[in-house]
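K.L.:
Before we start, here is the structure in question, set down as C-alpha cells.
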Amino acid sequence: MANMLANQVGAEAIVWDVGEIGAASNHLQAWEYLAGTGAEWGVVLEDDVIPCRDFYRNLAKAIEVSPLPILSLYLGRGRPPQWQQSVSRAITQDVSFITAPVLLSAQGYAMRTELLADHKRVGLFATRIRRPIDEAISYWATKKRKREGDKFAYCRFSLVDHWDGPTLIEDHGDGRGRNGLTDLMAGDCDPSGSALPEIRKAWLMAGPSTDWSRGCTRL
C-alpha cells in the first residue's frame, strides 16, 4: 500500500515500519526528513489514504491560501465521535477551510517545515502522554503556541480519503472499538441518528474544480 501510494503522489520518501517503532515514530521520522529538505512545506500521508482527483493542483492551491501553518488534508466521519456533530454543522458552510484547536486525525497533513523541525519535542510529548500521534501533535501545538485560538486548519473538501478497512487500534480512548456504534454517522448529517455503524471516510472530497478561495469557518 505504501509503494502504491508513493507512486500515485510521487513521494520523495517512504518511512517503513515492520511493527517495531510504531506510528508516532514513523511520523516523526518523516518530520525529520522533511525538515531537512529546504522546502517551505512538508506533507505526511499515512499508507491507507486515497488521494483525490487532481491531487497536486488541489494541494498547491490549498497550501497557498491556508489560514494556518498546519493544514489537515482529511476531515473524516467516525473518529473522533465527540467532534462529529460540530463537523456536520461546519461542513455545510460555503467555505474552503475549517479551523479547530486540535488535530482530529493524522491521515494526511501539510505543515511548514520550520514547525517540522520540532520533531524531537513532539516525540517527548508522544512518550509522555502515551496517546496516538494526532493527540501528541495537538498537545505539542497547544504548548508551542500558547495563545488562545485555533491551531489547525482543515480542507473542507478533503484531499485524501481513508481506506475504510480494519484498524490496528482496539482502544481509541473513548471506550469504543472499530466496529462499535457512533452517535452521528448518517450521510445526511442528521444529528438525530444513533446506533449507526461506524464509518471512517471523508465527509467531502476535493476534485478538479474545487475552489480554494472561499475563506474559513470554525468548528
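The values are calculated or read from the model by the stated rules, or taken from the named source; none is laboratory data. Quick caveat: nothing in here was measured; it's all calculated off a predicted structure. Using ideal geometry, Cβ is built from the backbone for each residue, glycine included, and neighbour counts are taken over all protein chains shown.
K.L.:
Would you be able to say whether some residue in the stretch 64-86 is acidic (Asp, Glu) and assigned to a loop (DSSP other than H, G, I, E, B)? Please lay out each step first, then the result.
P.N.:
If we filter the stretch 64-86 for residues that are acidic (Asp, Glu), which is where we start, we get 64.
When the remaining residues are screened for being assigned to a loop (DSSP other than H, G, I, E, B), the result is none.
Within the stretch 64-86, not a single residue is acidic (Asp, Glu) and assigned to a loop (DSSP other than H, G, I, E, B).
K.L.:
Which number in (1) more than 13 Å from Ile70 (Cβ to Cβ); (2) at pLDDT 75 or above; (3) out of contact with any strand residue (DSSP E or B) (no Cβ under 7 Å at 6 or more places or on another chain); (4) charged (D, E, K, R) marks the one condition that Asp171 misses?
P.N.:
(2)
K.L.:
Of all residues in the stretch 125-138, how many are within 24 Å of Gly36 (Cβ to Cβ) and either surrounded by fewer than 19 Cβ atoms within 10 Å (Cβ to Cβ) or of a type in the set (A, V, I, L, M, F, W, C) (or both)? It would help to see each step written out before you state the result.
P.N.:
Step one: list which residues in the stretch 125-138 are within 24 Å of Gly36 (Cβ to Cβ), which gives 125-127, 133-134, 136-137.
Narrowing the set further to residues that are either surrounded by fewer than 19 Cβ atoms within 10 Å (Cβ to Cβ) or of a type in the set (A, V, I, L, M, F, W, C) (or both) leaves 125-127, 133, 136-137.
Count: 6.
K.L.:
Please go through the stretch 53-75 and give me each residue that is more than 15 Å from Phe152 (Cα to Cα) and within 14 Å of the chain's Cα centre (by Cα), ordered by number.
P.N.:
Leu59
K.L.:
Can you tell me which residues in the stretch 106-124 are part of a helix (DSSP H, G or I) and crowded, with 22+ Cβ neighbours inside 10 Å? Full working, then the answer.
P.N.:
Of the stretch 106-124, the ones part of a helix (DSSP H, G or I) are 113-116, 119-124.
Selection gives Leu116, Val122.
K.L.:
Answer yes if at least one residue in the stretch 39-47 is closer than 19 Å to Ser105 by Cα, in contact (Cβ under 8 Å) with a residue 40 or more places away in the chain and surrounded by fewer than 19 Cβ atoms within 10 Å (Cβ to Cβ), and no otherwise.
P.N.:
yes
K.L.:
Hey, any hits in the stretch 140-154 for a residue that's farther than 30 Å from Asp94 by Cβ, at pLDDT 90 or above and surrounded by 15 or more Cβ atoms within 10 Å (Cβ to Cβ)?
P.N.:
Just the residues of the stretch 140-154 that are farther than 30 Å from Asp94 by Cβ, to begin with: 140, 143-144, 146.
From what's left, at pLDDT 90 or above: 140.
From what's left, surrounded by 15 or more Cβ atoms within 10 Å (Cβ to Cβ): 140.
Scanning the stretch 140-154 turns up at least one residue that is farther than 30 Å from Asp94 by Cβ, at pLDDT 90 or above and surrounded by 15 or more Cβ atoms within 10 Å (Cβ to Cβ).
K.L.:
Quick test of your reading of the structure: Ala60 fulfils all but one of (1) small (Gly, Ala, Ser); (2) modelled with pLDDT of 90 or more; (3) crowded, with 21+ Cβ neighbours inside 10 Å; (4) assigned to a helix (DSSP H, G or I). Name the failing condition by number.
P.N.:
(3)
K.L.:
Within the stretch 29-57, work out how many residues are of a type outside the set (D, E, K, R), over 22 Å from Ala100 (Cβ atoms) and not in a helix (DSSP H, G or I).
P.N.:
Number satisfying all stated conditions: 6.
K.L.:
Closer than 22 Å to Ala206 by Cβ, modelled with pLDDT of 90 or more and assigned to a helix (DSSP H, G or I): is that true of Asp94 in this structure? Even if it seems obvious, please write down each step before you answer.
P.N.:
Working: closer than 22 Å to Ala206 by Cβ: yes; modelled with pLDDT of 90 or more: yes; assigned to a helix (DSSP H, G or I): no.
The answer is no for Asp94.
K.L.:
Please state which one of Ala23, Ala11 is surrounded by 13 or more Cβ atoms within 10 Å (Cβ to Cβ) and in a helix (DSSP H, G or I).
P.N.:
Working: Ala11 fails: in a helix (DSSP H, G or I).
Testing whether each residue is surrounded by 13 or more Cβ atoms within 10 Å (Cβ to Cβ) and in a helix (DSSP H, G or I) leaves just Ala23.
K.L.:
Something else now. Cβ contacts < 7 Å: first residue closer than 20 Å to Thr217 by Cβ, restricted to the stretch 141-154; second residue modelled with pLDDT under 75, any location; separation 6+ or different chain. Result?
P.N.:
Hits for this filter: Lys151/Arg145.
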